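The values are calculated or read from the model by the stated rules, or taken from the named source; none is laboratory data. Keep in mind the model is a prediction, meaning the values are calculated, not measured. Here the Cβ positions follow ideal geometry from the backbone for every residue, glycine too, while neighbour counts run over all protein chains shown. Calculation scope for accessible area: heavy atoms of the full protein, side chains included, ligands and nucleic acids excluded. Shrake-Rupley method; radii C 1.70, N 1.55, O 1.52, S 1.80 Å.
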Amino acid sequence: MTRPSWDDYFMNIAHEVACRSTCERAKVGAVIVKEKRILTTGYNGSPRGLPHCTEVGCLMDNGHCVRTLHAEQNAIIQAALHGVSSKGASIYVTHQPCFLCAKMIINAGIVQIVYDKEYPDDRSRRFLQEAGVALKRI
């Protein structure tokens, strides 16, 4: 039996986390990792205590569902909520981060993004590159 690489291992976990998503339009999962240890996870879903897309439908604005927080946002918020530093960490995400999430990742001190599926957002890529955040697709 062959052991998965660390990248494959954490990406597999991100895909499993995505199964908890409550938005049918896109099931996204994120895992923040530092020194080969999982710090937090997140998936796209509604804010705590509010109805989910699976219960009341998506709240559409300009072709995007705005009812949910993104997986990256939830993972970063979990770190802040529990006093866990994400400085110097990596984030494994099932989809390339959007522009808003890219800015949050930069300010959270995350230094590497490993992702699976492309998301067409050149601004996001440009900001990440300018900020020195490595972007790696596997």
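Overview of values
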| read-out | value |
| --- | --- |
| Which listed residue is more than 17 Å from V17 (Cβ to Cβ), in contact with a Ser or Thr (Cβ under 7 Å, 6 or more places away or on another chain) and of a type outside the set (S, T, N, Q), from G63, G109 | G109 |
| Among the residues listed as I77, I110, I91, the single one being open to solvent by 30 Å² or more (accessible area, probe 1.4 Å), modelled with pLDDT of 95 or more, β-branched (V, I, T) and under 14 Å from the mean Cα position of the chain (by Cα) | I77 |
| Residue tally, condition open to solvent by less than 50 Å² (accessible area, probe 1.4 Å), more than 14 Å from A75 (Cα to Cα), in a loop (DSSP other than H, G, I, E, B) and of a type outside the set (A, V, I, L, M, F, W, C), over segment 1-35 | 1 |
| Qualifying positions in segment 9-49 - more than 11 Å from the chain's Cα centre (by Cα) and basic (K, R) | R20, R25, K34, K36, R37, R48 |
| Flag if I38 is assigned to a strand (DSSP E or B) and either open to solvent by 20 Å² or more (accessible area, probe 1.4 Å) or in contact with a Phe, Trp or Tyr (Cβ under 6 Å, 6 or more places away or on another chain) (or both) | yes |
| Test: residue in segment 55-65 that is closer than 25 Å to M11 by Cα, more than 8 Å from the chain's Cα centre (by Cα) and β-branched (V, I, T) | no |
